[in-house]
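The block underneath contains the structure these notes are about, expressed in structure tokens.
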Amino acid sequence: EMCLGLLTEATLKPVAIELAPVAAAKVFALSARSLPPSWLLLLLSDNSFELTHIQGAKVQAFAQARNLQGQDLNRAILAQIDSLAAARPQPQALGIYGPGGADFKAGPLKKHELEVIYPSHLPVPGLAPEMNLGEVLPAVGAGLSCFGPAALGVNLLPPGARAAVRLGRFSFTTMLLLVFLGLTCLWGTSAFIHTRVELFRVNRQIAGLSQE
């Protein structure tokens, strides 16, 4: 409520509040590889991780650990992945992002047959390894929520604050206008062709009379 108050004072109108993993998952959905209904999302830092089981567009399970280093961090991650991989429906992909994502060794995950997806697979212009993708990807995903009505199942705004997004209405009006313009051009082209055909027929009749 305090954050909502600050946004209101800044003359901003929130359309949705989502968990960071849900927002980041929207960006991974842009990957050229089709994501399965059940998959895992790993945010990896130098001494911590957050592992989320995504089922559809919702968080099915969540695990995290902090203040771990080296092999202890890797063992904790693998233990959590082993646990979540046993869930039903079984996760079939793993998205990895964050400062430590590039150094993560995915070899031990082969037994789970998880397809590993990195930020480099995402068709998002401007993404660079030196960016703090742990913050950038959720921000991009939150921005994507503004291009349509936010799903009620993941929108954490109070029910009374879930205002409808107007971009959909604008797009519908634009579509109707384009259809009207297209029909107008089609009608004009048809009338022009019909006039030319009639002129051609008249010219042939005149030519026939002249020959007689």
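What follows is calculated from the coordinates using simple rules that are stated; it is not laboratory data. Source: prediction; values computed, not measured. Here the Cβ is made from the backbone with ideal geometry for all residues, glycine too, and neighbour counts use every protein chain on show.
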(request) Pop the C-beta distance of residue 34 and residue 198 into the FRET formula with R0 = 45 Å and round what comes out to the nearest 0.05. (result) 0.25
(request) Grab the Cα-Cα distance for residue 72 and residue 88, subtract it from 0.36 nm times how many residues apart they are, and report the gain in nm with one decimal. (result) 3.0 nm
(message) Using a Förster radius of 41 Å, what is the FRET efficiency between residue 115 and residue 184 based on their Cβ-Cβ separation? Nearest 0.05, please.
(response) 0.25
(request) Just grab the label-to-label distance for residue 60 and residue 191, each label 7 Å out from Cα along the Cβ direction, in nm (one decimal). (result) 6.0 nm
(message) How charged is the neighbourhood of residue 20? Take every other residue with its Cβ under 13 Å from the Cβ of residue 20, and add Lys/Arg as +1 and Asp/Glu as -1.
(response) -2
